[in-house]
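Here's the structure we're looking at; comments come further down.
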Amino acid sequence: MEEKFFPIGIHYEYPFGGMCKRPEWLPKGPEDWKQDLNEIKKTGFNIIRIRIGFDCNLDDVEKLLDMASKERLKVIFGFATFYVSDDFVQKYPDSRFVNADGSVFPEGVHDYRWQRACINHPVYLKMRNKLIEDCVKRFKDHETIYIWDVHNEPSIRHCYCPNTIKEFRNWLKKVYGDISSLNKDWGTSFEDFESVEPPRAPESSESMQKQWETWGEFTIANLKNFLQSGIDIIKKYDPDRPVTFNFVGMNMYRGGVDWWFGRELDIVTMSMYTSWGQHRAQIANIWHDFDLLRSITGKNPWIMEWQAGPNNGDPFYSGDDIRIETFNALGHGVKGIIFYRWEPLMNRIEPWVHCMVEPGNYETERRQKTREMIKELKSVEDVLLRGVPPKGDVAIYMPRFAVATILDIKQTRNSSVGYHALLNDLGYEVEFITDHFKRSEDYKLVIIPAIVRLKQSEIREINAYLENGGNVIFEPTLNDVKSCAAELEWLGLKPTEIDSPIYFLVGWELRNSKNEFVCWAFHKRAIIEEPDESMVEYRFYDGKPAILRISRGGNLIVTMFPFGWTYLTCRLKGLRSIFKQWLTGVEPAVHVNVSENVRPLIKAKVLKTKEHALLLVTSKATSKVKVTIKVKGYKEIRTVLQPFTAEKYLLKKRKSNN
């Protein structure tokens, strides 16, 4: 791509999309498209995303592409093949997804859940391939197309239809070669591959766990093959233009896409909504997942769907929200932002949500604030395009198996997100170790947040890393005594009980060596046999060990409760004060001097190029906040942040004393 600009755009899908026959709002024809594109351009957007469905008219698509070109708008050309029409479902009822309990969807004409056809259905797959091929052959030379987007938010669930089970058995043959090898690995006695049935749910027995994980790996591989076949069609006719799809959710073993597949893509993108069905305090999830995807792929992702308006999670989402969250996104190193969406859907699925403009009203507060923000960011476009966050000295260990199973292990997910949020609150850049742990890791501190079934090879490398002077925070899983004991065995610690009361929130006092109250621990705790007194840094209210420090060259911190999950729950300053003690010699990317009472409400991130540093600061405090911010090598910023605001500072280098 020759153009050098920071892509910031919006979805514009009329009359396109997966089910074009739905009774939607205007625009109905070229004159409306022309007016909308003109207004989109006047907002400051430089790119739009369209999605083409099975019932789209490609002549209309060409008209829209020509209009976009005249407005000097680039186009992300996407495919909405996750939707098929009701007519298709009625003609091919065997195309429907079959759930583990035998139920099917779509159930009828009022069932809008997607994917509406199994990706292994031969007629569906042929239709999908033909649509992609027809579009690429026809439009590959159109100057306005910037990126091909092969599929929206690929996530297919587990399908138990005959076509998928057939593919599963064929895949097993390739993986195992013969049925005896499968039986040995699974602990089963199947006569042949045709008698193998996929598991219906994860279970605790070792044999069923292995079957579930294999079924999960097949689902991942199956979806990857589906996506790759679409990419291959595009590359056959247009080899030089980038192709992508947008990741969503860490649900790999639940039918999701392999996040490691992103290493093979030209551009990595994901969907991110800051208030979709969740409390605002839980926004930490999306920044955790963004940084994790960046670490896995080695690429700075785009946001392909970025919240442009209200939804049922936050009906008051405003232009100020857009500004704050966009500044936060830019601080994480986003390399393109596509808002979802320009206009609202009007009927049936997802009406009202996420629209930037409203029926009959272009001049919304959201659009006005977005227009002002884009104009303001133009002055730092080069830094946004080329700048990256500083390398982090702290990492969270998150290997592939942990990501694949993370929705099944609540503690792993919540503690990893909590540690990430805590470090961000303290001004640290956080990276993830996403391949096998190595003793040569160059991080000063590594966090291991309830990673189940660590292998002996991993433990050996962790020990060697400690002996080389590295520091580790280790949190065991607290599901049951047996699994916790297995994870603590290498440390010589013996749990006797998992204390997990049943209530919406449970917790225990944390006390220091002087028996002074410091903070709380939430959710669960492991009761262990009393270790050497010198190891214990903090105890629970009843004297049981809560946090241990073990010297093994570097420091090994072991928590008997989910420290990260606790912080995610409460964001209490007492936990930050404890954590700071473990960060000796580790410098934050950004020093923020502000009252501890509002610290989690202030976010400061920096992007650096060889020539410049751009500081992006947001405040969600409801009153003015006095703050001093320092980035190493640059003059400090002293300012008073207004309530609920976002600011940018192009930093000046500090003169050397030499």
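The values are calculated or read from the model by the stated rules, or taken from the named source; none is laboratory data. As the structure is a prediction and not an experimental result, all values here were calculated from the model. When we count neighbours, we look across all protein chains shown, and the Cβ atoms used for this are built from the backbone with ideal geometry, even at glycine. Heavy atoms of the whole protein, side chains included, go into the accessibility calculation; ligands, DNA and RNA do not. Shrake-Rupley method; radii C 1.70, N 1.55, O 1.52, S 1.80 Å.
How much length is gained if the chain between K391 and F5 is pulled fully straight, taking 0.36 nm per residue apart and subtracting their Cα-Cα distance, in nm to one decimal?
Value of the extension gain: 136.5 nm.
Suppose R0 equals 41 Å. What FRET efficiency, 1/(1 + (r/R0)^6) with r the Cβ-Cβ distance, do I527 and N183 give to the nearest 0.05?
Efficiency computed from Cβ-Cβ geometry: 0.55.
Taking a spot 7 Å from the Cα of Q228 along the direction of its beta carbon, which residues of segment 169-208 have an amide N less than 12 Å from it?
Inside the label zone: nothing.
Tell me the label-point distance for the pair R400, D442, using the 7 Å Cα-to-Cβ offset, in nm and rounded to one decimal.
Label-label distance for R400 and D442, simple model: 2.5 nm.
Tell me, what % of the accessible area of the chain is carbon and sulfur with a 1.4 angstrom probe?
Its accessible area is 49 percent carbon and sulfur atoms.
With r defined as the distance between the Cβ atoms of N593 and I502 and R0 fixed at 60 Å, what FRET efficiency is calculated, to the nearest 0.05?
Numbers: r = 42 Å, r/R0 = 0.70.
Efficiency computed from Cβ-Cβ geometry: 0.90.
Assign one of three labels to segment 493-612, namely rounded, prolate or oblate, based on the Cα gyration tensor with a ≥ b ≥ c the square roots of its eigenvalues; rounded applies when a/c is under 1.5, prolate when it is not and a/b is larger than b/c, and oblate otherwise. List each step's numbers first, then the result.
Details: a/c = 2.30, a/b = 1.61, b/c = 1.43.
Prolate.
With runs of 4+ DSSP H residues as the only contributors, calculate the mean residue ellipticity of the chain at 222 nm using -39,500 (n - 2.57) per run, divided by the residue total and rounded to the nearest 500.
-10000 deg cm²/dmol, from helical runs alone.
Points 7 angstrom from Cα along the Cβ direction at H110 and R549: gap in nanometres?
6.3
Going down the list K70/K140; K391/K610; K369/K620; K378/K620; K444/K514, which pairs span over 22 Å between their C-alpha atoms?
K378/K620; K444/K514
Given a 1.4 Å probe and heavy atoms of the protein chains only, how would you sort S205, S416, largest accessible area at the top?
So, going from the largest accessible area down, we get S205, S416.
Taking a spot 7 Å from the Cα of E62 along the direction of its beta carbon, which residues of segment 109-152 have an amide N less than 11 Å from it?
138-139
Efficiency by 1/(1 + (r/R0)^6): what FRET value for A201 and K41, r their Cβ-Cβ distance, R0 = 45 Å, to the nearest 0.05?
E between A201 and K41, to the nearest 0.05, is 0.35.
Can you return the lysines within cross-link range of K166? Criterion is Cα-Cα under 21 Å, with same-chain partners fewer than 8 residues away left out.
K166 reaches K126, K174, K210, K224.
Among residues other than H436 whose Cβ falls under 15 Å from its Cβ, what is the net charge (Lys/Arg +1, Asp/Glu -1)?
Charge balance near H436 sits at +2.
Give me, ordered by chain and number, the residues 5 or more places off Y634 or on other chains with an amide H under 5 Å from its own placed amide H.
R654
When 1/r is averaged over all different Cα pairs and the result inverted, which Kirkwood radius in Å belongs to the chain?
Numbers: mean 1/r = 0.0373 Å⁻¹.
So the Kirkwood estimate lands at 26.8 Å.
What distance in nm separates the simple spin-label points at K632 and W490, each placed 7 Å from Cα in the Cβ direction?
Taking the simple label geometry, K632 and W490 are separated by 2.9 nm.
Excluding F245 itself, calculate the net charge of residues whose Cβ lies under 9 Å from the Cβ of F245, where each Lys or Arg counts +1 and each Asp or Glu counts -1.
It works out to a net charge of -2.
Just subtract the alpha-carbon distance of E264 and F190 from 0.36 nm times their residue separation and send over the number in nm, one decimal.
23.0 nm
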